[in-house]
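Novice: One structure, as structure tokens, below. Some questions next.
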Amino acid sequence: MKQKKLLYKILLALVVLLILLFLASPMLAVVGASFSNTKYFQFPPESFSLRWYKEAFRNKEHIRSLMNSLKIAGCTMLVADVICIPACFALTRCGRGVSKKASALFSAPLFLPGIALGVGLMLWLAKLGWRGNFWTLVLAHVVLATPYYMRVVGASLSEFDFGLVDAAHSLGAPPVKAFFYVTLPQIAPGIIVASMFGFMISFSELVITLFICASNMTTFPVRVYSSMVTEGLNPMVLAYSTIIIVVVLVVSVLAEKFAHWTRYF
């Protein structure tokens, strides 16, 4: 009986390990190939070289598009914070039926195909004369980030005891002071996690950005996609991807340590 249990645990661990290797294999291939010296994708690399990292820091077009993506993602995160956090508070205070219907409406961007959403936003923004503007990209990305804000911040508020706010009011604290001293410290981890989701979603968005962005506002994913279509896979892109992977892993570890973000999944 003990041997069967041991065999079962070994097989289960092996299956889990194989699944993890399958999920991590694309990242391993990208990181490994980025250190190759050849002008084409090669994994494993025959020799170790930092050639493509040097090229990555010298390429002005890719650097410019990377800065555009960082600016758009940062503004998306801030605008989504301003819009979605009060909306989450309002839904929490509403009745259960209204809250469920509104939550389903806010989750709509998750279920719509990216192409359909991109075409719809393009037509709507074109009628308003806003297509190709920096802030139109920000607003379009806010639409994509909203479901994640509503889910994560909403989960934080559902666990929050609003009796603490009432107690603060009874002791003479005004609403703003009660929010910053009572509510915000309790839901801060959820806001941080939602903001990270919003930033990453905006930074990596391709389909909708292709429909909306103008030539003077090219984001990094669009630049990479365009270069791959015209020139094929450039190993320099692998260097950029490796840097992004390392940054995301570091941020993920820090977010789990300080905000315990996996509990929101």
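The values are calculated or read from the model by the stated rules, or taken from the named source; none is laboratory data. In this text the structure is predicted, and so the values were computed from the model without any measurement. Positions of Cβ are backbone-derived with ideal geometry, glycine not excepted, and every protein chain shown enters the neighbour counts.
Novice: Considering segment 121-176 alone, what residues qualify as being within 23 Å of the chain's Cα centre (by Cα), of a type in the set (Gly, Ala, Ser) and over 30 Å from Val207 (Cβ atoms)?
Specialist: Ser158
Novice: Moving on. Working only within segment 85-101, note down all residues that are surrounded by 12 or more Cβ atoms within 10 Å (Cβ to Cβ) and at pLDDT 80 or above.
Specialist: Correct list: Ile85, Ala87, Cys88.
Novice: Provide a single number: the residues in segment 1-23 that are at pLDDT below 80 and either surrounded by 10 or more Cβ atoms within 10 Å (Cβ to Cβ) or touching a strand residue (DSSP E or B) at 6+ places or on another chain (Cβ under 9 Å) (or both). Even if it seems obvious, please write down each step before you answer.
Specialist: Step one: filter segment 1-23 for residues at pLDDT below 80, giving 1-9.
Remaining after also requiring either surrounded by 10 or more Cβ atoms within 10 Å (Cβ to Cβ) or touching a strand residue (DSSP E or B) at 6+ places or on another chain (Cβ under 9 Å) (or both): 6-9.
Total meeting the criteria: 4.
Novice: Among the residues of segment 205-255, how many are part of a helix (DSSP H, G or I) and touching a Cys at 6+ places or on another chain (Cβ under 9 Å)? Give the derivation first.
Specialist: So the first thing to find is which residues in segment 205-255 are part of a helix (DSSP H, G or I), and the list is 207-212, 215-217, 220-231, 235-255.
Narrowing further to those that are touching a Cys at 6+ places or on another chain (Cβ under 9 Å): 222.
Adding up the residues that qualify gives 1.
Novice: Taking Gly172 as meeting all but one of (1) part of a helix (DSSP H, G or I); (2) without any contact (Cβ under 8 Å) to a residue 40 or more places away in the chain, write down the number of the exception.
Specialist: (1)
Novice: Oh, and also: Could you identify the single residue in Ser34, Ser107, Ser65 that is modelled with pLDDT of 75 or more, buried (at least 16 other Cβ atoms within 10 Å of the Cβ) and within 30 Å of Asn133 (Cα to Cα)?
Specialist: Among Ser34, Ser107, Ser65, only Ser65 is modelled with pLDDT of 75 or more, buried (at least 16 other Cβ atoms within 10 Å of the Cβ) and within 30 Å of Asn133 (Cα to Cα).
Novice: With the requirement that a residue be under 25 Å from Tyr225 (Cβ atoms) and either at pLDDT 80 or above or surrounded by 15 or more Cβ atoms within 10 Å (Cβ to Cβ) (or both), what does segment 238-265 give you?
Specialist: From segment 238-265, those under 25 Å from Tyr225 (Cβ atoms) are 238-249, 251-252; that's our starting set.
Listed by number, the residues that qualify are Leu238, Ala239, Tyr240, Ser241, Thr242, Ile243, Ile244, Ile245, Val246, Val247, Val248, Leu249.
Novice: If you go through segment 184-196 one residue at a time, do you hit one that is modelled with pLDDT of 75 or more, within 18 Å of Asn59 (Cβ to Cβ) and not small (Gly, Ala, Ser)?
Specialist: No, segment 184-196 contains no residue that is modelled with pLDDT of 75 or more, within 18 Å of Asn59 (Cβ to Cβ) and not small (Gly, Ala, Ser).
Novice: Tell me yes or no: at least one residue of segment 204-222 is under 23 Å from the mean Cα position of the chain (by Cα), without any contact (Cβ under 8 Å) to a residue 40 or more places away in the chain and under 19 Å from Leu78 (Cβ atoms). Steps first, please.
Specialist: Looking only at segment 204-222, we keep the residues that are under 23 Å from the mean Cα position of the chain (by Cα), and these are 204-214, 217-222.
Checking the rest, the ones that are also without any contact (Cβ under 8 Å) to a residue 40 or more places away in the chain come to 204, 206.
Narrowing further to those that are under 19 Å from Leu78 (Cβ atoms): 204.
So far as segment 204-222 goes, yes, one or more of its residues are under 23 Å from the mean Cα position of the chain (by Cα), without any contact (Cβ under 8 Å) to a residue 40 or more places away in the chain and under 19 Å from Leu78 (Cβ atoms).
Novice: Next question. Checking Asp166 against (1) loosely packed, with under 15 Cβ neighbours inside 10 Å; (2) over 27 Å from Tyr149 (Cβ atoms); (3) not aliphatic (A, V, I, L, M), which test does it fail?
Specialist: Every condition holds for Asp166 apart from (2).
Novice: Conditions first: (1) modelled with pLDDT of 80 or more; (2) on the phi > 0 side of the Ramachandran plot; (3) of a type outside the set (S, T, N, Q). Gly232 passes all but one, so which condition is the exception?
Specialist: All conditions pass for Gly232, except number (1).
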